[in-house]
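> Structure below; questions to follow.
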Amino acid sequence: MKQNIITIDGPAASGKGTLARRLADHLNYCYRDTGKIYRLIGLQAYQKGLTPEDNPDAVAKLAQDLAENFDLSMMDNPELKSDHIGQMASRSGAFPVVRSAILDLQRHLALHPPYGCGVVLDGRDCGTVICPDAPHKFFITADVKTRAKRRFEELKQADPSVDYDLILADMKQRDERDFARTTAPLRPADGAITIDTSAMDGDQAYQAVLDKL
Ligand code: DC
C-alpha cells in the first residue's frame with residue numbers, strides 16, 4: 001500500500017516545496033502539501049482572532065472541524081501563502097492536540113490518492129510521523145541565512161521594501177519552534193536521505209534527489 005510514497009521534509013524555504021512539486025510532476029504522482037493544512041488552521045485561527053498559545057483547545061477544535069470538512073480545493077486559497085500565516089501555522093502546530101486532530105486526514109491523503117497514483121508528501125513530519133514506512137524519505141535543508149536570502153529574493157519581486165534582517169529573524173524564530181517542539185519535532189526520519197541545498201541551485205537539488213530514487 002505504501003510503496004508509492006515519497007516523503008520530503010525540511011525547514012521553511014529549504015526549497016523542498018518546489019522540488020517536491022517537480023518530482024510529483026515528473027513521476028506523475030499526486031503532490032500533497034501538509035504545510036497547507038497547518039496554514040489553513042493558522043488562517044482560521046487568525047480570522048477568529050485566536051492566539052494559539054492562549055487557546056490551543058479552540059485551535060484544535062478548528063483543526064477537527066477542518067479534518068471533518070476538508071476539501072482539496074481549500075488548499076488553493078492564496079491567503080495561505082503569507083509569512084504571517086506561516087507563523088500562525090507553526091504556532092498552531094506546536095500543540096499536540098492540534099497535530100493529532102489532523103493526523104488521520106494527512107494519512108488518508110497519503111494512502112488514498114485518486115486513481116491509486118503515487119504521492120509526494122511535503123512537510124515537517126511526513127517521514128517521522130505520518131508515513132514512517134514510506135520507502136523513500138528525504139530531508140531537504142540549507143543553512144538559515146541561505147534560506148532567508150532565497151525568501152528575500154522571492155518577496156522582493158512583489159515588494160522592493162522587504163527587509164532581509166526581518167526575514168532572517170522570522171525564519172530563525174520559525175526554525176526554533178519547528179525543531180524544538182516536543183511533539184513531532186522537525187528532524188530527519190530514520191532512513192531518510194539528507195540533502196543540504198545551501199550550495200545548490202534548484203536544478204542541482206532536484207537532480208540530487210532523482211539520483212537517490
Ligand atoms: O511548509 P510550510 O512553510 O507551508 O509550513 C508552515 C508551518 O506549518 C511550519 O512552519 C510548521 C507547520 N507544519 C508542521 O508542523 N508539520 C507539517 N507536516 C507541515 C507544516
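> From the list K48, K2, pick out the single residue that is more than 21 Å from L168 (Cβ to Cβ) and modelled with pLDDT under 95.
K2
> Pick out, from segment 1-99, the helices (runs of 4 or more DSSP H) lying fully within it that include 3 or more residues that are surrounded by 21 or more Cβ atoms within 10 Å (Cβ to Cβ) and under 17 Å from the mean Cα position of the chain (by Cα).
Per the criteria, 16-27, 34-47, 83-92.
> Suppose we filter segment 149-159 for residues that are open to solvent by less than 80 Å² (accessible area, probe 1.4 Å), of a type in the set (A, V, I, L, M, F, W, C) and more than 15 Å from the ligand (Cβ to nearest atom); how many remain?
Summing the residues that are open to solvent by less than 80 Å² (accessible area, probe 1.4 Å), of a type in the set (A, V, I, L, M, F, W, C) and more than 15 Å from the ligand (Cβ to nearest atom) in segment 149-159 gives 1.
> A further question follows. Kindly indicate which of D143, D170, D163, D175 is touching a residue at least 40 places away in the same chain (Cβ under 8 Å) and surrounded by fewer than 15 Cβ atoms within 10 Å (Cβ to Cβ).
After applying the criteria, what remains is D143.
> Additional query: Would you pick out the residues in segment 160-206 that are more than 16 Å from the ligand (Cβ to nearest atom), more than 16 Å from A20 (Cβ to Cβ) and of a type in the set (S, T, Y)?
S161, Y164, S198, listed by residue number.
> Considering each of D211, D201 in turn, give the residue that is closer than 20 Å to A134 by Cβ, free of Cβ contacts under 8 Å to residues at least 60 places away in the same chain and surrounded by fewer than 16 Cβ atoms within 10 Å (Cβ to Cβ).
Residue meeting the stated conditions: D211.
> Something else now. Residues that are under 14 Å from D33 (Cα atoms) and out of contact with any helix residue (DSSP H, G or I) (no Cβ under 7 Å at 6 or more places or on another chain): does segment 85-98 have at least one?
no
The values are calculated or read from the model by the stated rules, or taken from the named source; none is laboratory data. Keep in mind that what you see is a predicted model, and the values were worked out from it rather than measured. Because the Cβ atoms are built from the backbone with ideal geometry, glycine has one as well, and the counts that use them run over all protein chains shown. What goes into the accessible areas is simple: the full protein's heavy atoms, side chains included, and nothing from ligands, DNA or RNA. Shrake-Rupley method; radii C 1.70, N 1.55, O 1.52, S 1.80 Å.
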